[in-house]
1. Looking at segment 1-28 only, could you name the residues that are within 30 Å of N157 (Cβ to Cβ) and open to solvent by 80 Å² or more (accessible area, probe 1.4 Å)?
2. Among the candidates K201, K226, single out the residue that is open to solvent by 70 Å² or more (accessible area, probe 1.4 Å), modelled with pLDDT under 90 and in a loop (DSSP other than H, G, I, E, B).
3. Every residue in segment 167-198 that is hydrophobic (A, V, I, L, M, F, W, C) and part of a strand (DSSP E or B), please.
4. Residue check, G166 against (1) open to solvent by 20 Å² or more (accessible area, probe 1.4 Å); (2) of a type outside the set (F, W, Y); (3) at pLDDT 95 or above, all met but one. Which one?
5. Determine which single condition L93 fails, assuming it passes every other condition in (1) under 20 Å from Q170 (Cβ atoms); (2) assigned to a helix (DSSP H, G or I); (3) touching a strand residue (DSSP E or B) at 6+ places or on another chain (Cβ under 6 Å); (4) not β-branched (V, I, T).
6. If a residue must be closer than 15 Å to L95 by Cβ and either in contact (Cβ under 8 Å) with a residue 40 or more places away in the chain or open to solvent by 60 Å² or more (accessible area, probe 1.4 Å) (or both), how many such residues does segment 118-133 contain?
7. List the pairs whose first member sits in segment 17-30 and is in contact (Cβ under 8 Å) with a residue 24 or more places away in the chain and farther than 12 Å from D92 by Cα, whose second member is open to solvent by 10 Å² or more (accessible area, probe 1.4 Å) and not hydroxyl-bearing (S, T, Y), and whose Cβ atoms are under 6 Å apart, counting only residues at least 6 apart or on separate chains?
8. Residue under question is A101, and the condition is that it be in contact with a strand residue (DSSP E or B) (Cβ under 6 Å, 6 or more places away or on another chain), assigned to a helix (DSSP H, G or I) and open to solvent by less than 70 Å² (accessible area, probe 1.4 Å); does it hold?
Amino acid sequence: MVKVEKVNIMDIEFVNTTKETLLTKHLFPILLNQQKCFIVTANPEIVMKAQEDQNYKQTVQQAHYIVPDGIGIIYAAKYLGTPLTERIAGFDLVLDLLKFANEKKLNVYFLGARDEVNQKATKKVKEKYPDINIVGAHHGFFDLEDSTVVESVKDANPDLILVALGFPKQEEWICKYMDDFEKGLFIGVGGSFDVLAGEVKRAPDIWIKLNLEWFYRLIKQPFRIKRIVKVFQFMFKV
């Protein structure tokens, strides 16, 4: 793999590059060369979880690429005097990977979310990207030790594995089983299936450009307040 500059925030090393460079110089070649790769799209909540749970920190540190997903990470890096090039939103990264998979007719596996959400997401992705080979899908309600799920994913021979189990489970699953695979780009995608399925609407572009996507989500989903508190705890710790 091509080396990439990194910025350390609380022992978590974030890639310091643009989304375009990350994709064209790193992720697309990995997919085309049938290599293995583990990506974490980390926001302040994930960093704080890593501070509280040493095992989870070690899991995240196993990732080949830790992407700065969250404006809080960008602010923290700037405050520490080691600014990051740009925020790389995890959902945008997923869309770019799906587009590339469509162009190259790659195999994609959808793992996670509720069964009905998973089915809706795969249906809508197939409608938008007709040349993608969706080789398998499985809901996210299973035990981490369930080997039948692992075997199901392996047998499908995917190039891209989207794991929507929420943190920390999605990163733990990838780290635990990635060595069992011969190839595959593994990425934890959180609630992306809900957006792909149309169950949750993403913030309008103007909110995203103003770095207020988090505030839009809070307005639409007030239960997220506990997650926002974690962001402020993160900034205080920085």
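1. Correct list: M1, V2, K3, E20, K25.
2. K201
3. Correct list: L185, F186, I187.
4. Here G166 meets the rest and fails (3).
5. It is condition (3) that L93 fails.
6. Number of matching residues: 6.
7. Pairs that qualify, where the first residue is in contact (Cβ under 8 Å) with a residue 24 or more places away in the chain and farther than 12 Å from D92 by Cα and the partner is open to solvent by 10 Å² or more (accessible area, probe 1.4 Å) and not hydroxyl-bearing (S, T, Y), are T17/V4; T18/E86; H26/V2; F28/F100.
8. yes
The values are calculated or read from the model by the stated rules, or taken from the named source; none is laboratory data. In this text, all values refer to a predicted model and were calculated from it rather than measured experimentally. Neighbour counts are summed over all protein chains in view; Cβ atoms, including those assigned to glycine, are modelled from backbone coordinates with ideal geometry. The area values use the complete protein model at the heavy-atom level, side chains included, leaving out ligands, DNA and RNA. Shrake-Rupley method; radii C 1.70, N 1.55, O 1.52, S 1.80 Å.
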